[in-house]
Amino acid sequence: MKTTVEKLTLDEQKNKEIIKAAATLIQEGSLVAFPTETVYGLGANALNPEASRKIYEAKGRPSDNPLIVHISSMEDLGRIARHIPPKARQLAARFWPGPLTMIFEKSEAVPLETTGGLQTVAVRMPSHPAALSLIREAGGFIAAPSANTSGRPSPTTAGHVAEDLDGRIPLILDGGPVGIGIESTIVDFSEEPPLVLRPGYITPAMMQDVIGAVEMDPALGQESADMRPKAPGMKYRHYAPKAELILVEGSPQRVQAKINSLAREALDKGMGVGIIGTEETRGCYQEGVFQSIGTRQEEESIARHLYGILREFDKLEVDVIYSESFSSPGLGQAIMNRMLKAAGHCVIEA
Ligand code: TXA
Ligand code: MG
């Protein structure tokens, strides 16, 4: 299959035509990759079981891993969710459109192919204007996981999507680099207090301001057989670069010293070494290939560059990557969650 890439520009009329053609593909049961504010999504008509199945095939995704249904209006939520608790309405009023996904009991309209066999459905209203128009034009309900091959870092540019899916899907909409860079926060309302299944840009503190108590899935950040994360997708190794990724935790000085000595040892063994640091530590590492992930003064910059840096190291063909860690409160929780998964939970205390 030939994959076409269409660039969205400042020409509104041209964008409309591109999005109309993309919406037609989705209505016909095909797949279209499109930008959202978090990461690029791989979209299909969420109410068409055959179309959902194509997503699993293109990504090589395990069939028990449910998809998020993307909507463009509050009225449409009622068509796919059975009960909408008042707290969910409050969060929607505050954070939709935006990087928040909520889980509800599903209605008959949603096929089990879309929900990975579950009776619940995950729903998000993205804020990216192209995503919203595409959803609206395509009939209101687009199932979209991140547009990467299963297990690889999520795509934050159209180029990343093409790296993974070129030849497997008919169309990629190129809206430039995304704004946030890590996937939406997922909250489950079948529990009381509501449970965060995946940390993201919307932090528990931001939600607590609106609805009171919110808890984190206790299985997050754990790696054991008896603690299974409630979001099926959170149990898989994910976002993994080809090289071994090792996180180093501790005070900044100790982390730098530790990474320098680990890098030296690996180089002595003839290995290619990558180092992930920040603007603050540029120049603090003597050896290996250094990449700055952003600045600690602005956590958003770290989230935005995370997946791109992991993909960059794949091209540099290093054997091992040592990374600083980022477990600050706020966005740090979501950043570390993704890094721990990318590292297969390999953490060294400095
Ligand atoms: O920011 C995002 O959410 C992006 C963009 C494209 O919108 N999408 C995304 O989708 O991250 P995906 O498929 O890569 O991740 C969806 C996660 C998976 O971990 C999945 O297991 C979980 O959501 N999930 C979906 N439906 C669920 C349900 N009914 N119950 C529990 N977890 C669910
Ligand atoms: Mg994903």
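The values are calculated or read from the model by the stated rules, or taken from the named source; none is laboratory data. Just so you know, these numbers come straight off a predicted model, no measurement behind them. Reconstructed Cβ throughout: ideal geometry from the backbone, glycine too, with neighbour counts over all protein chains shown. Calculation scope for accessible area: heavy atoms of the full protein, side chains included, ligands and nucleic acids excluded. Shrake-Rupley method; radii C 1.70, N 1.55, O 1.52, S 1.80 Å.
Any chance segment 134-141 includes a residue that's on the phi > 0 side of the Ramachandran plot, open to solvent by 30 Å² or more (accessible area, probe 1.4 Å) and either not polar (S, T, N, Q) or not in a loop (DSSP other than H, G, I, E, B) (or both)?
Kept after step one, since they are on the phi > 0 side of the Ramachandran plot, are these residues of segment 134-141: 139-140.
Filter again for open to solvent by 30 Å² or more (accessible area, probe 1.4 Å), leaving 139.
So of that shortlist, the ones also either not polar (S, T, N, Q) or not in a loop (DSSP other than H, G, I, E, B) (or both) come out as 139.
Yes, because at least one residue in segment 134-141 is on the phi > 0 side of the Ramachandran plot, open to solvent by 30 Å² or more (accessible area, probe 1.4 Å) and either not polar (S, T, N, Q) or not in a loop (DSSP other than H, G, I, E, B) (or both).
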| said: Being under 22 Å from Pro241 (Cα atoms), charged (D, E, K, R), surrounded by fewer than 18 Cβ atoms within 10 Å (Cβ to Cβ) and within 16 Å of ligand 2 (Cβ to nearest atom) is true for just one of Glu183, Glu163. Which residue is that? | reply: Glu163
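Restricting the search to segment 66-99, which residues are within 19 Å of Glu215 (Cβ to Cβ) and among the aliphatic types (A, V, I, L, M)?
Taking segment 66-99 and keeping what is within 19 Å of Glu215 (Cβ to Cβ), we get 85-88, 90-91, 94-95.
Passing the criteria: Ala88, Leu91.
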| request: Give Ala109, Ala93, Ala88, Ala205 a once-over and let me know the one that is more than 19 Å from the chain's Cα centre (by Cα), under 20 Å from Leu331 (Cα atoms) and of a type in the set (A, V, I, L, M, F, W, C). | output: Ala205
| note | Restricted to segment 226-253 and to residues being outside the structural domain of Ile335 (by TED's automatic domain parsing) and in a helix (DSSP H, G or I), the residue surrounded by the most Cβ atoms within 10 Å (Cβ to Cβ) is Gly233
| said: Only one of Ile202, Ile211 is within 12 Å of ligand 1 (Cβ to nearest atom) and at pLDDT 95 or above. Can you tell me which? | reply: Ile202
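Which is in contact with a helix residue (DSSP H, G or I) (Cβ under 7 Å, 6 or more places away or on another chain), in a helix (DSSP H, G or I) and either assigned by TED's automatic domain parsing to the domain that holds Gly117 or more than 24 Å from Pro177 (Cα to Cα) (or both), of Gln256, Gln286?
Details: Gln286 fails: in a helix (DSSP H, G or I).
Going through Gln256, Gln286 in turn, just one is in contact with a helix residue (DSSP H, G or I) (Cβ under 7 Å, 6 or more places away or on another chain), in a helix (DSSP H, G or I) and either assigned by TED's automatic domain parsing to the domain that holds Gly117 or more than 24 Å from Pro177 (Cα to Cα) (or both): Gln256.
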| Can you tell which of Pro86, Pro126, Pro97 is out of contact with any Cys (no Cβ under 9 Å at 6 or more places or on another chain) and open to solvent by less than 60 Å² (accessible area, probe 1.4 Å)? | Pro126
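Quick one: would you say Arg168 is assigned by TED's automatic domain parsing to the domain that holds Leu25, away from ligand 1 (no atom under 11 Å from the Cβ), modelled with pLDDT of 95 or more and part of a loop (DSSP other than H, G, I, E, B)?
Values: assigned by TED's automatic domain parsing to the domain that holds Leu25: yes; away from ligand 1 (no atom under 11 Å from the Cβ): yes; modelled with pLDDT of 95 or more: yes; part of a loop (DSSP other than H, G, I, E, B): yes.
Considered against the rule, which asks whether it is assigned by TED's automatic domain parsing to the domain that holds Leu25, away from ligand 1 (no atom under 11 Å from the Cβ), modelled with pLDDT of 95 or more and part of a loop (DSSP other than H, G, I, E, B), Arg168 comes out as yes.
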| request: Inspect all residues belonging to segment 197-220 and state whether any of them is in a helix (DSSP H, G or I) and within 16 Å of ligand 2 (Cβ to nearest atom). | output: no
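Against the condition within 16 Å of ligand 2 (Cβ to nearest atom) and touching a Leu at 6+ places or on another chain (Cβ under 8 Å), how does Ile68 come out, does it pass? So that I can check it myself, show each step before the final result.
Values: within 16 Å of ligand 2 (Cβ to nearest atom): yes; touching a Leu at 6+ places or on another chain (Cβ under 8 Å): no.
Taking the combined requirement at face value, the residue does not satisfy it.
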